[in-house]
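Here's the structure we're looking at; comments come further down.
Every read-out reported here was derived from the displayed coordinates using simple, explicitly stated rules and does not represent laboratory data. Computed from a prediction, not measured in an experiment: that's the story for all the values here.
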Amino acid sequence: MEKLKYTKETEDNAEEEIFSEGFSDENENELPEVPLENSDEENENTLSEEASLDGSLDETDKLRKSAAKEKPKKKTVFKLYIPENLNEVFNNIAVKRARKLSYRPKEILLSCSAEIIGIDGKNEDGVKISDVMSALIKEGVKLGYLEKFDGLSVGELKKEYEDDVVYEYAEQEFKRAGLISDGKNVKVYIYGWDMKTCYHTGFIDEETSKKLIPYLNDKEKYSFDINAEITGGKYKKFVKDENGNIITEKGDCGELGIVIDAVVINRKD
């Protein structure tokens, strides 16, 4: 076989031949056909075929689903509601009937205090009690019934609470509270600020319930003075440092709670 000798003329002839194959005389402006490597149809195939570059098809599918789940979701804002059994509650609840109830110590038949239990769970409506409490506190602040840190400025707090602690909301009271006997348990209800609704917010402990139930079961004979005080939550403490300057220490007692103070007397209201 005769060996082809490379020359400049050979190179020029080769380029001319390639050029003439790509363009015809009849269609001088026609471009050579290019494979549609990036068409929609082939992109799907390419993704599947090349999935092994980063992992298996299953792994690729998991990544797609994971990316979809990471899309930010709008946070649902809890709103106070009207309980379905509201009329039943109003008919059975033991609560202070009048705005003011005055009595002397010798008139008291029973006086007790108890921290509400079950506040970290759901109420009889299937709603988180912590959500109900937070919403009631938020509304109370908006309406002016509750104030953060007693509504005082930092300067006022330093003077008022030197070497003492002031809570964000603890030691402030809800507008009204009531109790209902439920077998061996005593349910606690907190009223809304408009007094048109009330919400189940937990139970009284068993020992205190035993003392209250006889009066609650015959509630028309007695008057009840029941208060609900907020406990726990954030606080500030004001102390003097080595130079005599008052500094602020911040802390948190944990989840907010409620303490019930109840007094029972013979019916007056």
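Summary of computed values
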{"read-out": "Sequence-separation-based contact order of region 94-266, relative, with Cα cut under 8 Å and 6+ spacing, percent", "value": "32 percent"}
{"read-out": "Extent along principal axes [Cα atoms of region 93-164; Å; largest to smallest]", "value": "43, 41, 25"}
{"read-out": "Karplus-derived 3J(HN,Hα), 6.51/-1.76/1.60, for each residue of region 256-269, Hz, glycine and proline x", "value": "5, x, 9, 10, 9, 10, 10, 10, 10, 9, 5, 3, 10, 10"}
{"read-out": "Calculated from backbone phi, Karplus (6.51, -1.76, 1.60) coupling profile of region 137-145 in Hz, x at Gly/Pro", "value": "5, 4, 5, x, 5, 4, 8, x, 7"}
{"read-out": "Quarter of Cα convex hull surface for region 94-266, i.e. mean projection, nm²", "value": "11.8 nm²"}
